[in-house]
1. What do you reckon, is A80 touching a Leu at 6+ places or on another chain (Cβ under 8 Å) and of a type in the set (A, V, I, L, M)?
2. Hey, which of the strands (runs of 3 or more DSSP E) in region 35-145, taking only ones fully inside, have at least 3 residues that are in contact with a Ser or Thr (Cβ under 8 Å, 6 or more places away or on another chain)?
3. Are any of the residues in region 234-254 over 25 Å from R138 (Cβ atoms), modelled with pLDDT of 90 or more and not in a loop (DSSP other than H, G, I, E, B)?
4. Cβ-Cβ below 9 Å, separation at least six or inter-chain, first residue in region 1-25 and under 28 Å from V135 (Cβ atoms) and surrounded by 16 or more Cβ atoms within 10 Å (Cβ to Cβ), second among the polar types (S, T, N, Q) and modelled with pLDDT of 70 or more: which pairs?
5. So the check is Cβ under 8 Å with 6+ separation or different chains; which pairs have a first residue in region 83-102 that's touching a residue at least 24 places away in the same chain (Cβ under 8 Å) and closer than 20 Å to P67 by Cβ and a second one that's in a loop (DSSP other than H, G, I, E, B) and small (G, A, S)?
6. Taking region 105-125 as the region of interest, how many residues are without any contact (Cβ under 8 Å) to a residue 40 or more places away in the chain and closer than 21 Å to A80 by Cα?
7. What are the residues in region 33-62 that are of a type in the set (G, A, S) and either in contact with a strand residue (DSSP E or B) (Cβ under 9 Å, 6 or more places away or on another chain) or within 17 Å of T113 (Cβ to Cβ) (or both), if any?
Amino acid sequence: MSYARTALLLAGMTGLFLVIGYMMGGEAGMMIAFIIALGMNAFSYWNSDKMVLRMHGAREVDARTAPEFYKIVQGLARRADLPMPKVYVMENAQPNAFATGRNPDNAAVAATTGLLQSLSPEEIAGVMAHELAHVKNRDILIMTITATFAGAISMIANFAMFFGGNRNNPLGMVGTILLMILAPLAAMVVQMLISRTREYEADRIGAEICGNPLWLASALNKLDKGASLIDNEVAENNPATAHMFIVNPLHTRKMDSLFSTHPNMDNRIQLLKEMAGSTDQPPTRSGSVPRSPRKSTRMKGPWG
């Protein structure tokens, strides 16, 4: 993701802040919102990754505390020609993962305990290769900043009714109500546009990094089913971070399905199978992972 797109995102989010400020307090409120937005831009750039990791209770691990997982990430980073990212584990039964950070030199990848316990080493490699693809594409900054701003916009919009809106607002209370509804929806639309367009590309590059598209296809099949059955209470309470995960972590509330932040899973799996040249072979549901006939002979594993 280019710096130009990052700047456009920040400008768009700042614009939403200005609208909210005006609706709440006229020109004075808009100026206050502008100052807050500038502070948010700076804070998000330097600290949004730490906030997201802390929000999801992620703890950093290394070669001593999580040797197998760390070795997989280390091997994949080497294959992708990336600096070794920090590695985190989240105590969460839902199988899922995400990447965050400002750039490849300050990146972090995180996986839930549910993922590490339910996937084979090959499938874990497929998932983490997908996350490293986000790092390689420099998606992580814009995705993390979007999560921070979307949450802040939703929170500030909720204050609009409390403050009663701007008396000079020609829409009056109707404008305030519209603000409460439309501002969070606008933030959700931004999340959808960013996530849906980047997930397919991360799947493609992730499959190249790990060396076998079917490893990731098999993992996505399991993750999609696991995420639909197992609650992720932290993500449900902080839906602004949903687009960062490899599969949608939300499913318990009606609004979760209204604005899906991820592309159709069947389409993602089908594209990966086509990459592997195995369109007639479905992703495995067992511990064994089918190997691509064109690529499996070139590697024993990204962690070896």
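1. Judged against the criteria, A80 is a match.
2. Once the strands (runs of 3 or more DSSP E) in region 35-145 are filtered for at least 3 residues that are in contact with a Ser or Thr (Cβ under 8 Å, 6 or more places away or on another chain), what remains is 97-101, 107-112.
3. So far as region 234-254 goes, yes, one or more of its residues are over 25 Å from R138 (Cβ atoms), modelled with pLDDT of 90 or more and not in a loop (DSSP other than H, G, I, E, B).
4. That search, which allows pairs on different chains as well, returns M1/N137.
5. V87/A66; V89/A66; M90/G57; E91/G57
6. 3
7. Going through region 33-62, the residues of a type in the set (G, A, S) turn out to be 33, 37, 39, 42, 44, 48, 57-58.
Once the filter is applied, which keeps residues that are of a type in the set (G, A, S) and either in contact with a strand residue (DSSP E or B) (Cβ under 9 Å, 6 or more places away or on another chain) or within 17 Å of T113 (Cβ to Cβ) (or both), region 33-62 yields S48, G57, A58.
Listed here are the residues, each with its yes/no results for (1) under 24 Å from D139 (Cα atoms); (2) of a type in the set (D, E, K, R).
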| position | (1), (2) |
| --- | --- |
| A28 | no, no |
| M31 | no, no |
| A42 | yes, no |
| W46 | yes, no |
| M55 | yes, no |
| M84 | yes, no |
| V87 | yes, no |
| E91 | no, yes |
| P104 | yes, no |
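The values are calculated or read from the model by the stated rules, or taken from the named source; none is laboratory data. Remember, it's a predicted structure, so these values are computed and weren't measured experimentally. Backbone-built Cβ (ideal geometry, glycine too); neighbour counts: all protein chains shown.
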